[in-house]
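The values are calculated or read from the model by the stated rules, or taken from the named source; none is laboratory data. Being a predicted model, the structure only gives us computed values, none of them experimental. Here Cβ is always computed from backbone atoms with ideal geometry, including for glycine, and neighbour counts include all displayed protein chains. All accessible areas refer to the heavy atoms of the entire protein, side chains included, with ligands and DNA or RNA removed. Shrake-Rupley method; radii C 1.70, N 1.55, O 1.52, S 1.80 Å.
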Amino acid sequence: MVGVAYRGGIPLEDIEVDFELEPLERAGSIGFGVRELVTLKGDLTEGQRVRLQRASRYCPVAQALTKGSMQIEDEVQWRSGETTAIPASRGNLPDLEGTLPVIQPGTVHGSYLLDTREYNPDGVMEHEGEAKVYISTRNLTHHSRWTVLAGHSSPGLIPPPFPSAHAGWAASTATTLTSLLPLEDAQDTRDIQVEVGLNMSGGRDLSQTSAAEGRIVHRSAVRRVVVPGTPRSMPIETVQAALQRDPITIAYLEGGILLDEQVVIG
């Protein structure tokens, strides 16, 4: 949103973003919903607020989680070495006995770091800067909180938001496979690996232009999973059934996680 405001001449002085995450029941899986509050600061008109609200809805991560912009190809490799693509069709898949861990409610607060903006010698903004993100949630025994620094920065310093989101997708997939696949022992658990490869063609300019215009950009991702055993002992249908119950995968494919959205001038 900072980049869209700069490119569009919108006098955005500061921005804060808050999310509330809550668990939702889904048939055969678990789910989650998000309530979003974006607070804009600056002498903004109603038209400019609406333009930035559209940018919020069409940023790359929002597109992936709410508008089905991700096109996912899955591959599986067994520890025995065989590799194959997983069919996109759902077909008749087996029922799995495992259960997924409950998604705990939590909050996320993002504060923009004004001093991290970077300009070239001509005064043109080259990097929009970073955000300090506070994540708070309950777990089984106590309340936990993390602080994350993320955003657009110089190459090699801080990863942009989209790869960070896919790191969460990979972690969620690994948890789903560990929870649902019929694993024999601790070695089977250690055998599970997940790698996500993303087509990031177009980069920042395409992301900001599409966000400003409210245009969906479809991006392809290849998710490669390594599972224990052989195609005989761990059938591909079992792996596919587990992947289709992963909550972030469901959000990528079906969207609909946004329960409420407010963009206000504060």
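Overview of results
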item	result
Å² per residue, accessible surface of the chain at 1.4 Å	53 Å²
Among Leu253, Ala171, Gly33 - extreme Cα towards positive end, dipole of the chain, charges at beta-carbon	Leu253
Efficiency of FRET between Ala174 and Glu237 - r from beta-carbon atoms, R0 22 angstrom, step 0.05	0.65
Nitroxide proxy distance, nm - points 7 Å out along Cα→Cβ at Thr209 and Glu75	3.0 nm
Segment Thr230-His142, extension gain: residue separation times 0.36 nm, minus the distance between their alpha carbons	27.7 nm
Efficiency of FRET between Thr99 and Arg190 - r from beta-carbon atoms, R0 22 angstrom, step 0.05	0.60
Kyte-Doolittle at least -0.5, axis length at least 27 Å by Cα - qualifying DSSP helices, the chain	161-180
Given charges at beta-carbon only (K, R positive; D, E negative), |dipole| of the chain in Debye	240 debye
Computed magnitude of the charge dipole of the range 74-115 (debye, nearest 20; Cβ of K, R +1, Cβ of D, E -1)	60 debye
Total formal charge among the other residues, if their Cβ is under 15 angstrom from that of Val222, Lys/Arg +1 and Asp/Glu -1	-1
Portion, in percent, of the accessible area of the chain that falls on carbon or sulfur, probe 1.4 Å	52 percent
Additional length obtainable on full extension of the chain from Glu25 to Leu259, 0.36 nm per residue less Cα span	82.9 nm
